[in-house]
1. Determine if the range 637-652 includes at least one residue that is on the phi > 0 side of the Ramachandran plot and either in contact with a strand residue (DSSP E or B) (Cβ under 7 Å, 6 or more places away or on another chain) or at pLDDT below 85 (or both).
2. Of all strands (runs of 3 or more DSSP E) completely enclosed by the range 560-608, which ones contain at least 3 residues that are closer than 26 Å to VAL61 by Cβ and within 26 Å of the chain's Cα centre (by Cα)?
3. Have a look at GLY260, GLY238 and point out the one that is at pLDDT below 85, of a type outside the set (Val, Ile, Thr), surrounded by 16 or more Cβ atoms within 10 Å (Cβ to Cβ) and part of a strand (DSSP E or B).
4. Please specify each residue of the range 628-648 satisfying the condition of being touching a Gly at 6+ places or on another chain (Cβ under 7 Å) and assigned to a loop (DSSP other than H, G, I, E, B).
5. Counting just the residues of the range 563-595 that are in contact with an Asp or Glu (Cβ under 6 Å, 6 or more places away or on another chain) and at pLDDT below 85, which one comes out surrounded by the fewest Cβ atoms within 10 Å (Cβ to Cβ)?
6. Of the numbered conditions (1) closer than 24 Å to GLN286 by Cβ; (2) crowded, with 20+ Cβ neighbours inside 10 Å; (3) under 35 Å from the mean Cα position of the chain (by Cα), PHE220 fails exactly one; give the number of that condition.
7. Yes or no: the range 428-439 includes at least one residue that is at pLDDT below 90 and either charged (D, E, K, R) or more than 30 Å from GLY129 (Cα to Cα) (or both).
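The values are calculated or read from the model by the stated rules, or taken from the named source; none is laboratory data. Worth saying up front: this structure is predicted, and the values here are computed from it rather than measured. Neighbour counts run over all protein chains shown; Cβ positions are idealised from the backbone, glycine included. When the accessible area is computed, the model is the full protein with side chains, heavy atoms only, and any ligands, DNA or RNA have been set aside. Shrake-Rupley method; radii C 1.70, N 1.55, O 1.52, S 1.80 Å.
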Amino acid sequence: MKRETIARLVIFILLLSASFVPYYCGTTRDDTPADVKPKDVVAKDGTGLEDVEITDGGYSVVTVYNVQSGSVAENTLVEIRDVVVTSPTFKSSSKSVDNDSFFVVEKDGGPYSGIYIFFKNNKADVAIGDLVDIRGTYMEYYNNSQIVATEVIKKGTAPLPAPTEVDPAKVKTGAEDSEKYEGCFVRILNVEVTNDAVLGTDGKPHGDFEITGGLIVGKFFPRNYKAKNGDKIDSIIGILNYSFDQMRLQPRDDNDITIGTLSDGGTDISGGDADITTGITIYDIQDVNSAKHPSENSAVKVENVVVTGGQFSASANLYGIFVQEKNGGPYSGILVVYGKTSGLGPFAQGDVLTIEGTYKEYYDMSEISATSITKTGSGESVNPTVVNPASVATGGADAEKYEGVLIKVENVEVIDANPDASAEKDYKEFMVTGNLRVNDKYSYSYTASRKVGDRFDYIIGILDYDFSNFKLNPRSDDDLALSGTVKPDAGQETDTGVADTGSNDTGTTDTGTTTDTGTTDTGSSEKKCAGSLVISQIKTFGIADGGANHPDEFIELYNPLDEGITIDGFKLQYKSATGTEWKDLASFSGMIGPGKFILVASDVAQLGNLTADKTYASSQLGLSASGGNLRIIDGNGKVMDMVAWGSGNSPEGTAAPAPVMGGSIIRKAKSESTSDSMKSGGADEKAGHGVDTDNNVNDS
């Protein structure tokens, strides 16, 4: 699915100052042309590019979509940002001693989303799931699109998009969709081996085989499976690649090939190297049409499945979790239950498990009643599948397919704030567009403020069947995005002169009182303007990936003075709403100029065309929407500015209100500033953020 450019609304939590006398603080934000970062590429559909950013090295910042859809001329220097590695590294030929190759994909997947990377004269220290930027030259090598890379910048990790299901007959050599999916991460289903010895251009077999529809399955990557005519294959996942005049699907290992039945009755055809895994998957359990669908009450074992919904109380005696196959899609998820006194668990979202138990249908809800659960990993992420809410609502055509699956519905409106009102009950559920019920199996705050007419950009959750209805189960506040999002307004900032000195936890203990701010709040402080570096904007996490990696959150710092501020030894620190220990997020040195900003974000931040000046580990924390505390301290530990929001326990004066989902807290430029004047395009957008009365509720 191609990504479209989405105009994001900027939501700010702003309150009028208690003072009736307007005042203005500090310098305006520095908006000279040299400080304005150019726009990123927005076109992804092959219709032409506008406002392309050109880096200092002469690279055009484009997307894989741009390259593969024909919008970029061959031999162009390109920079592609935030793409995910989909394959192990490999040598493109026996002569490629120092030339590593691999594939990458845009995070949204779909047509034109993947491409081959040739890292010439270099070894690439990357693995599947790494998030990277690529710089190099776009070329067509024997009709195979590739980027000959001069630089591969590893930025962190990211979940792979679900493989796109394709028809093998439509992506084979010369077929209608073959070019669309060249280099892409794809999946084909329910095929048979029709030629187990496809010959290469040298007239010799190299392990390739042909399947239903005429598509060739290649062997770029080592595997033990040796195809035999008549083998039935439930699924093959891999990268579609053009080589030696043929389009080939390249599985990355044996795990990408799910065998149905083997032509010789299931004996080992691996040549003695390894056994073929023919075990049960969640797909088999949930899809009654699968050749390996077990009968009810059968003993089953599923391996390497990911927890998508953490432990909850399923009944008086049972805990429950939701698990899913890593590749997602229809029939990929299921409920797992186990006794509260079984000694199993607890298990958390992202845990990787092997589960043994009994497959059951409990009031028409498929489940595994577990007898053994082994945790084999953690930190795994599964992307939600975007679905039509009407299709998965009770009676919907796809409801059974997505039972137990992590899904996402977009652009929906609350049409019933209490669908059980007629029965004089309130189970904290609500109903959205398409008559889809949203449940509260997990805790989230919107249940207390349900209102007909509220619109959501999206809701993520797990679909289950409960009390005769299919229901969507958000897992936390992060899974619900009320319409409207925010963007950092730090886009004017470059060249802060900030040097990265690392970020470590100081272990500073908060005593519950703060006396070192240099001011005393009396409830009507006379102080009106900031005298040093301030926290100008706080975006709490929660609207892009379920909150797993905090890609939406950021903190912006601002110099409101008309002169530079030396920030040697300064630190930005955070603690939770009720916490006692401050954690270092970033350390600074050098000087920040007048009207300048410093943007601090997680190391997997998705900030459009902006780049954070400082980053912290995405696993370190999340800026909770319901409450938290941030402060700036100087080299001597003196507090220069402090902001608490919601239930935060260390405010200056009174904490600022918690932002709405997808919202932001922003410091005002003037006493009379409003949400309209401070938002993008507003009268005060570039007037700075200098109001500081030492009372958070008045300053924001």
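1. Going residue by residue through the range 637-652, those that are on the phi > 0 side of the Ramachandran plot are 637, 646.
Filter once more, keeping what is either in contact with a strand residue (DSSP E or B) (Cβ under 7 Å, 6 or more places away or on another chain) or at pLDDT below 85 (or both): 646.
Yes, the range 637-652 contains a residue that is on the phi > 0 side of the Ramachandran plot and either in contact with a strand residue (DSSP E or B) (Cβ under 7 Å, 6 or more places away or on another chain) or at pLDDT below 85 (or both).
2. Details: elements: 571-576, 581-587, 597-602.
Strands (runs of 3 or more DSSP E) meeting the threshold: 597-602.
3. Numbers: GLY238 fails: at pLDDT below 85.
Going through GLY260, GLY238 in turn, just one is at pLDDT below 85, of a type outside the set (Val, Ile, Thr), surrounded by 16 or more Cβ atoms within 10 Å (Cβ to Cβ) and part of a strand (DSSP E or B): GLY260.
4. ASP634, GLY635, SER647, GLY648, listed by residue number.
5. Only one residue tops the list, namely THR580.
6. In the conditions (1) closer than 24 Å to GLN286 by Cβ; (2) crowded, with 20+ Cβ neighbours inside 10 Å; (3) under 35 Å from the mean Cα position of the chain (by Cα), PHE220 misses (1) alone.
7. Restricting attention to the range 428-439, the residues satisfying the condition of being at pLDDT below 90 are 428.
Then keep just the ones that are either charged (D, E, K, R) or more than 30 Å from GLY129 (Cα to Cα) (or both); that gives 428.
Taking every residue of the range 428-439 in turn, at least one turns out to be at pLDDT below 90 and either charged (D, E, K, R) or more than 30 Å from GLY129 (Cα to Cα) (or both).
The rows are residues; the columns are (1) open to solvent by 50 Å² or more (accessible area, probe 1.4 Å); (2) free of Cβ contacts under 8 Å to residues at least 12 places away in the same chain; (3) more than 21 Å from GLY329 (Cα to Cα); (4) polar (S, T, N, Q).
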{"residue": "MET365", "(1), (2), (3), (4)": "no, no, no, no"}
{"residue": "THR376", "(1), (2), (3), (4)": "yes, no, yes, yes"}
{"residue": "ALA417", "(1), (2), (3), (4)": "no, no, yes, no"}
{"residue": "VAL432", "(1), (2), (3), (4)": "no, no, yes, no"}
{"residue": "VAL438", "(1), (2), (3), (4)": "no, no, no, no"}
{"residue": "LYS441", "(1), (2), (3), (4)": "yes, no, yes, no"}
{"residue": "ASN473", "(1), (2), (3), (4)": "no, no, no, yes"}
